[in-house]
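Visitor: Quick one: the structure is below, and I'll ask about it shortly.
The values are calculated or read from the model by the stated rules, or taken from the named source; none is laboratory data. Small disclaimer: the values here were computed from a predicted structure and weren't measured. Here the Cβ positions follow ideal geometry from the backbone for every residue, glycine too, while neighbour counts run over all protein chains shown. Quick note on the areas: whole protein, heavy atoms, side chains included, nothing else; ligands and nucleic acids left out. Shrake-Rupley method; radii C 1.70, N 1.55, O 1.52, S 1.80 Å.
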Amino acid sequence: MSSDGIDATRTAPAAAGGPLAAVEPVPGVAKPDPILTASHIRRSFGGLTAVNVDHLEVQRGTITALIGPNGAGKSTLFNLLTGFDKPNEGTWSFQGQPLNGVAGHRVARRGMVRTFQLTKALTRLTVLENMLLAAPGQVGEGFFGAFGWWMWRRQEQANRERAMELLARFKLDAKKDDIAGSLSGGQRKLLEMARALMVNPSMVMLDEPMAGVNPALVQSLLGHITALRDEGTTVLFVEHDMDVIMGISDWIVVLAQGQVIAEGRPSDVRSDQQVIDAYLGTQHDEPQGAKTEEKP
Amino acid sequence: MDIMMTLALSLETAIGPIAAIYVLAAIGLNMHFGYTGLLNFGQVGFMLVGAYGVAVCVTTFGLPLWVGFCVSVLCSVVLALILGIPTLRLRADYLAISTIAVAEVLRLLYRAEFARPVTGGVYGRQSFADAFYEFNDRVGIIPPGSYGIGDVDFSADELWLMLVSWACVALALGMTAMLMRSPWGRVIKGIREDEDAVRALGKDAFTYKLQSLVLGGVFGGVAGVLIALNQGNITPDQFMPQVTFYLWAMLLLGGVGTLWGPVIGPVIMWFLLTLFDETLRSLASSGALPFLATSDSGALRHALVGIALMLLIIYRPQGLVGNRKEMLVNVK
């Protein structure tokens, strides 16, 4: 699988002198320009409280990593914020608009687009169809609009061009007519990210984008994520691999047992005793090799 | 036994009104399952409300036939909404269970004693299709007489119904083709692959699934209207669950999720059914198979069709016109 041509311009985190420089690294701290604000989010499954977040803000235009040991509630929090699950209580807003009780597809339309931990490529559609499906506001998407091909033909052409540009950026343009089911695991991750960008999101939520991806492709994915940030898109992502996170993130939020136990710049989090306890004291991380391997 | 006669009879069934009716209902089922991934095991329920829409309007309420047709379509839409609104937000299996149950409950309701003043109960409804054939006689689209080549032979009435039935099929096929080539169809196929992924991209999967259920249901309802017109009388007990399963078998035979699969499947299936039936019957009556009574041939033909379907699933799981590569792709 091709993993060449990675412009792994691992730009140093913007935090160095960025808007987060003056923010104090304590859980629930307010940010200068939050795009996403969540308060008192609680979700329990029976007797188990999976997520119990007092306050969390995500700074606009940064890469924020959400880390934590297995079962910390990272994916559950993702599902709650994106409307794929309902919390027992809590309020949260995106770009100043409340998102409580807003269905998943409406959250996406407002500009917060997510990917999934288990990649969801639409297997029996071609790579290009996967991309075109994601384009927002299509006239031919309505039942009756579908019959008026003369109305959506031009829009379709424009979407096709944009899709091809994105595919070229993710080095998938040669595969455009292959069915997505024939792609390798890593290529599916790339396709899913490219497809999310097709929605024109102002914020992307990546649920373990590096899981099951070979190390060379990890570099490529990291390059794409920093490029996104540099274009002004906010990125919130869940990840396990500490090396990856430290290198790329502007801000790190540490979740353990459903609660935010620490947040701050990579340097702050690295030395935080609570984080070390959460990762090493109570639970061992899986061996590195098992996770970064990818099937050919 | 006359081989030409048997073949002619089989061909008559394969292109006749009954095959066209099954094609139309299979196109609806293909919209549900083949394109959207909805497990509908109650297509016969749509056919039932379609057939009774016409029959009840004309006989019980004395309304014109075209009003009956509109009522049939409306009943199909309402049935799709009743089925879809509570279940389409849930996992796929819930729709499957509800459809099979609702179709059977509908049959029992229509045949119940208390429904007899409206639906005729177990006796059903008769003589409501006259206006349909009178229309042809009056306008003279198909003049009276006999039409055919060689042993294949249709009466004017049969040909008139065939014309209307296949026209409905053509219309349904055209609509399906246009829809599936549009962005709407792309979203529908995306939902079949992974509903959550489609929702995460800002598409309201529920509305799309409901639209698909309604459209396929209306195709089934119109097929029901054509059944009523073809027979001129209907009883509730002809709408048994096995009709749905025949449709599934035909759809699988033709090719799920393809445009022409639901057309080819029923046509070939009816051809084979009639061919087996006639061959067995003539063999039985000529005494070539001493263990086989003439009355057994009906059961044996289904066994033979079953074997044919098993061979198909083993050697050609994608159906006759399906794409094997697509079929075998790892759906994960």
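Visitor: Under a Cβ-only charge scheme (Lys and Arg +1, Asp and Glu -1), can you give me the dipole magnitude of segment B:167-209 about the Cα centre, in debye to the nearest 20?
Guide: 160 debye
Visitor: Here is a further query. Once every DSSP H run of n ≥ 4 in chain B is given -39500 (n - 2.57) and the sum is divided by its residues, what mean residue ellipticity at 222 nm do you get, rounded to the nearest 500 deg cm²/dmol?
Guide: Helix-only estimate at 222 nm: -23000 deg cm²/dmol.
Visitor: What shape does chain B take by its C-alpha gyration tensor, where a ≥ b ≥ c are the square roots of the eigenvalues and a/c under 1.5 counts as rounded, a/b above b/c as prolate, and the rest as oblate?
Guide: oblate
Visitor: What is the magnitude of the charge dipole of the protein assembly as shown about its Cα centre, with +1 placed on the Cβ of each Lys and Arg, -1 on the Cβ of each Asp and Glu, and no other charges, expressed in debye to the nearest 20?
Guide: Charge dipole of the protein assembly as shown: 560 debye, to the nearest 20.
Visitor: Also: Apply the Karplus parameterisation 6.51 cos²θ - 1.76 cosθ + 1.60, with θ equal to phi minus 60°, to every residue of segment A:60-66 and state each ³J(HN,Hα) to the nearest whole Hz, in sequence, with x for glycine and proline.
Guide: Per-residue couplings from phi come out as 5, x, 10, 9, 10, 9, 10 Hz.
Visitor: Which longest uninterrupted range of chain A lacks any GluC sites (Glu not before Pro) assigned by DSSP to a loop state (not H, G, I, E or B) and surrounded by at most 15 other Cβ atoms within 10 Å?
Guide: A:1-230
Visitor: At R0 = 35 Å, how high is the FRET efficiency between B:Ser286 and B:Val122 if r is their beta carbon distance? Nearest 0.05 is fine.
Guide: Once the sixth-power term is evaluated, E becomes 0.35.
Visitor: I've got another one for you. Over 31 Å between Cα atoms, which of A:Lys176/B:Lys209; A:Lys31/B:Lys209; A:Lys189/B:Lys325; A:Lys74/A:Lys175; A:Lys31/A:Lys86; A:Lys74/B:Lys203 qualify?
Guide: A:Lys31/B:Lys209; A:Lys74/A:Lys175
Visitor: Enter the accessible area per residue of segment A:225-271 (Å², integer; probe 1.4 Å; all protein chains in place).
Guide: On the way: 1360 Å² over 47 residues.
Per residue, segment A:225-271 has an accessible area of 29 Å².
Visitor: In addition: Go ahead and set up a Gaussian network model of chain B, Cα springs under 10 Å, then flag whichever of B:Ile234, B:Ile314, B:Ile100 fluctuates most.
Guide: Comparing B:Ile234, B:Ile314, B:Ile100 in the GNM, the peak value goes to B:Ile314.
Visitor: Okay, moving on. Using modelled backbone amide H atoms (1.01 Å from N, in-plane), which distant-in-sequence or interchain residues come within less than 5 Å of A:His55's amide H?
Guide: Amide H neighbours of A:His55: A:His40.
Visitor: Kindly state, to the nearest 0.05, the FRET efficiency for B:Ile149 paired with B:Ile314, given R0 = 30 Å and r defined as their beta-carbon distance.
Guide: E between B:Ile149 and B:Ile314, to the nearest 0.05, is 0.20.
Visitor: Restricting everything to alpha-carbon atoms, can you work out Rg to Rh for segment B:155-221 with a Kirkwood hydrodynamic radius?
Guide: Ratio of gyration radius to Kirkwood radius for segment B:155-221: 1.18.
Visitor: Further, regarding this structure: Choose one of B:Ile27, B:Ile3, A:Met193: the residue whose Cα lies farthest towards the positive end of the charge dipole of the protein assembly as shown (beta-carbon charges +1 Lys, Arg; -1 Asp, Glu; about the Cα centre).
Guide: A:Met193
Visitor: With a cap of 13 neighbouring Cβ atoms within 10 Å, and only residues DSSP puts in a loop, list the chymotrypsin sites (Phe, Trp or Tyr not before Pro) found in segment B:58-162.
Guide: Counting only loop positions with at most 13 other Cβ atoms within 10 Å, the chymotrypsin sites (Phe, Trp or Tyr not before Pro) in segment B:58-162 are B:Phe61.
Visitor: Where Rh denotes the Kirkwood radius from the mean inverse Cα pair distance, what is Rg over Rh for the protein assembly as shown?
Guide: Details: Rg = 30.2 Å, Rh = 27.8 Å.
Taking Rg over the Kirkwood Rh, I get 1.09.
Visitor: Then there is this: Can you compute 3J(HN,Hα) from phi for each residue in segment B:71-88, using the Karplus curve 6.51 cos²θ - 1.76 cosθ + 1.60 with θ = phi - 60°, rounded to whole Hz and x for Gly and Pro?
Guide: Calculated HN-Hα couplings, in order: 4, 4, 4, 4, 4, 4, 4, 4, 4, 4, 5, 4, 6, x, 4, x, 9, 6 Hz.
Visitor: Rounded, prolate or oblate: pick one for segment A:84-154, where a ≥ b ≥ c are the square roots of the eigenvalues of its C-alpha gyration tensor, a/c under 1.5 means rounded, and failing that, prolate if a/b is larger than b/c, else oblate.
Guide: oblate
Visitor: Among B:Arg125, B:Arg199, B:Arg301, determine the one that fluctuates most according to a GNM of chain B built with springs between C-alpha atoms less than 10 Å apart.
Guide: Its mean-square fluctuation being the largest, the pick is B:Arg199.
Visitor: Tell me, what is the FRET efficiency for B:Arg181 and A:Arg162 to the nearest 0.05, using R0 = 22 angstrom and their Cβ-Cβ distance as r? Before the final figure, lay out the partial values.
Guide: Working: r = 20 Å, r/R0 = 0.91.
Here the calculated transfer efficiency is 0.65.
Visitor: Shifting gears a bit: By how many degrees, between 0 and 90 and to the nearest 10, does the Cα long axis of helix A:215-230 differ from the longest principal axis of chain A?
Guide: 90 degrees
Visitor: I'd like the Karplus ³J(HN,Hα) series for segment A:70-81: coefficients 6.51, -1.76, 1.60, θ = phi - 60°, whole numbers in Hz, and an x wherever there's a Gly or Pro.
Guide: Listing the rounded values in order: 4, x, 6, x, 5, 5, 4, 4, 4, 4, 5, 5 Hz.
Visitor: Any chance you could run the full-extension gain for B:Asp137 through B:Leu171? It's 0.36 nm times the residue separation minus the Cα-Cα distance, nm to one decimal.
Guide: Difference between extended and current length: 9.8 nm.
Visitor: With +1 assigned to the C-beta of every Lys and Arg and -1 to the C-beta of every Asp and Glu, and no other charges, what is the dipole magnitude of segment B:41-167 about the Cα centre in debye, to the nearest 20?
Guide: Charge dipole of segment B:41-167: 700 debye, to the nearest 20.
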